[in-house]
Amino acid sequence: MKREIIIGIVSVTIIAIAITGMWLDFRDMQALKWEIQDEKLYEGFSWLANNTKEGETVLAWWDYADGIEKIGHRAVVIREASRNIKETIAGRHRYPWSWIEYELWYPYESEEKVRDVASFFVAENSTESMRIARKYGADYVLVVYPEDTWKFGVIALASGENPDDYVTGNFTMDRIARREIVKRETIGMEMIYGDDVEGFEKVFDNERMRIYKLIQEA
């Protein structure tokens, strides 16, 4: 009997240690790191803190939520990925057990919100994008070049569209810079490349991060 009790205690201890280790690893993956280390991104997030009003909201892909909230001190429309696109979360594939961490603790975002934000970026007219921005009370839109071009296939997928209709599969920095990877011009692509977009005013651009302000209705 004592042997069974000892085995039980050891087993529970091992499981507790494993879960604690996974939790610490998960917390490390969620920590604010690259947003601080990348000078141009930090500059953009800081611009939000210094040039926008408290209570204003930023629409951006979920990867930038921590920087917007913790450096820019502004609200975001989405903070995380949805379950529909969970396989695109890099952290889930870090170690063989990482998917368990994400199933246990990752706060998946609303499918509707993620789909709507993705639809904002794949929309081909600003009227639809403005409608979505206003639906969530967004005052600003934030994009990052060239990262958001790499992610655009996932964004299209999240919107319910076929990624192959929007971007090519042959991604190189030269082809991105020449805009050769773009198969269909969308509001998102126009913002990523820093174009003028009807209904929005570009208020920040350091050639990496671009921030647009939604022009309010008269």
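The values are calculated or read from the model by the stated rules, or taken from the named source; none is laboratory data. Keep in mind that this is a model prediction, so the values were computed, not measured. Positions of Cβ are backbone-derived with ideal geometry, glycine not excepted, and every protein chain shown enters the neighbour counts.
Out of segment 36-63, which residues are surrounded by 15 or more Cβ atoms within 10 Å (Cβ to Cβ) and more than 20 Å from Glu111 (Cβ to Cβ)? Talk me through it step by step, then tell me what you get.
Pass one, segment 36-63, residues surrounded by 15 or more Cβ atoms within 10 Å (Cβ to Cβ): 36, 38, 41-42, 44-45, 47-48, 52, 56-63.
Matches in segment 36-63: Ile36, Asp38, Leu41, Tyr42, Gly44, Phe45, Trp47, Leu48, Thr52, Glu56, Val58.
For segment 70-107, a tally of residues being outside any loop (DSSP other than H, G, I, E, B) and either touching a Phe, Trp or Tyr at 6+ places or on another chain (Cβ under 9 Å) or over 17 Å from Tyr140 (Cβ atoms) (or both) returns 20. Within segment 57-69, the only residue that satisfies the criterion of being within 14 Å of Phe204 (Cβ to Cβ) and part of a loop (DSSP other than H, G, I, E, B) is Ala60. Inclusion of Lys86 among residues that are under 30 Å from Met173 (Cβ atoms), of a type in the set (D, E, K, R) and surrounded by fewer than 16 Cβ atoms within 10 Å (Cβ to Cβ) is warranted. With the condition kept exactly as written, say whether any residue in segment 45-61 is at pLDDT 95 or above, over 13 Å from the mean Cα position of the chain (by Cα) and among the aliphatic types (A, V, I, L, M). The answer is yes, given that some residue of segment 45-61 is at pLDDT 95 or above, over 13 Å from the mean Cα position of the chain (by Cα) and among the aliphatic types (A, V, I, L, M).
With respect to (1) surrounded by 17 or more Cβ atoms within 10 Å (Cβ to Cβ); (2) touching a residue at least 60 places away in the same chain (Cβ under 8 Å), the lone exception for Glu198 is condition (1). Restricting attention to segment 121-152, the residues that are farther than 22 Å from Phe45 by Cα and either among the polar types (S, T, N, Q) or modelled with pLDDT under 95 (or both) add up to 4. Of the candidates Tyr102, Tyr95, Tyr108, Tyr140, the single residue that is closer than 23 Å to Asp195 by Cα and among the aromatic types (Phe, Trp, Tyr) is Tyr140. Taking each residue of segment 161-186 that is surrounded by 12 or more Cβ atoms within 10 Å (Cβ to Cβ) and looking for partners that are of a type in the set (A, V, I, L, M) and part of a loop (DSSP other than H, G, I, E, B) with beta-carbon atoms closer than 8 Å, six or more apart or interchain, yields Val167/Ile181; Thr168/Ile181; Phe171/Ile181; Arg175/Ile181; Thr186/Ala123.
For segment 201-217, state whether one or more residues are more than 20 Å from Val117 (Cβ to Cβ), among the aromatic types (Phe, Trp, Tyr) and surrounded by 14 or more Cβ atoms within 10 Å (Cβ to Cβ). Among the residues of segment 201-217, not one is more than 20 Å from Val117 (Cβ to Cβ), among the aromatic types (Phe, Trp, Tyr) and surrounded by 14 or more Cβ atoms within 10 Å (Cβ to Cβ), which makes the answer no.
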